[in-house]
């Protein structure tokens, strides 16, 4: 004749805790494996103006060493004369970048939300304005012109009556030296937004 034992409350709680721990470890392992094997995605900006929102993928995205580029301009002519001209792209997962378009009527602000990969890095906003006489005016605004940790910036599309915003580029710059030994800033990653039709 077999002897039956009744489990105590503490034993049941201990068994449930062990079971939950085993399930938790299994779920953690599955999530870790999925994240590790997920395809790489470049950080994206979100731009908003006059009731419209667009997601902005990188125009170009390279490692700070200017190697291991994962995104290069879709149209090689867009890279001509830039630091991205002639750089090799990782063949296995090379993505093609382009300039996003968001119509920003004069007088309306452009708002840009920045992902943490940009917020936590030194960044630069290059603003391109068109004067009434057809000449371009380029203004650079470094991260330190905005509040520390700013996750969104607002750009005036008409800071002066004679200027109209036609484009903006958010860049992650690095210090570089040219063949003459001069030092300056070049972007290793850039997000480009055209705000007016040509």
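Every read-out reported here was derived from the displayed coordinates using simple, explicitly stated rules and does not represent laboratory data. Just so it is clear, the model here is predicted, and its values are computed rather than measured. Here the Cβ is made from the backbone with ideal geometry for all residues, glycine too, and neighbour counts use every protein chain on show.
List of remarks:
- Estimated FRET transfer efficiency (residue 50, residue 25; beta-carbon r; R0 45 Å; 0.05): 0.35
- Two-site label geometry, residue 137 and residue 162: point separation in nm, points 7 Å out along Cα→Cβ: 0.8 nm
- In this simple spin-label approximation, residue 16 and residue 103 carry label points 7 Å from Cα along the Cα→Cβ vector, and these lie 6.0 nm apart.
- Globularity index of the chain is 1.54 (Cα radius of gyration / 2.2 N^0.38 Å, N = number of residues).
- Added length on full extension, which subtracts the Cα-Cα distance from 0.36 nm per residue, residue 120 to residue 90: 8.3 nm
- If R0 is taken as 22 Å, the Cβ-Cβ distance between residue 64 and residue 42 corresponds to a FRET efficiency of 0.90.
- Amide N proximity, the stretch 93-122 versus residue 148 label position 7 Å along Cα-to-Cβ, cut-off under 19 Å: 116-122
- Among 47, 150, 20, residue whose mean-square fluctuation peaks in a GNM of the chain (springs only between Cα atoms under 10 Å): 20
- Highest mean first, the peptides 156-165, 188-197, 135-144 sorted by other C-beta atoms within 10 Å per residue fall in the order 188-197, 156-165, 135-144.
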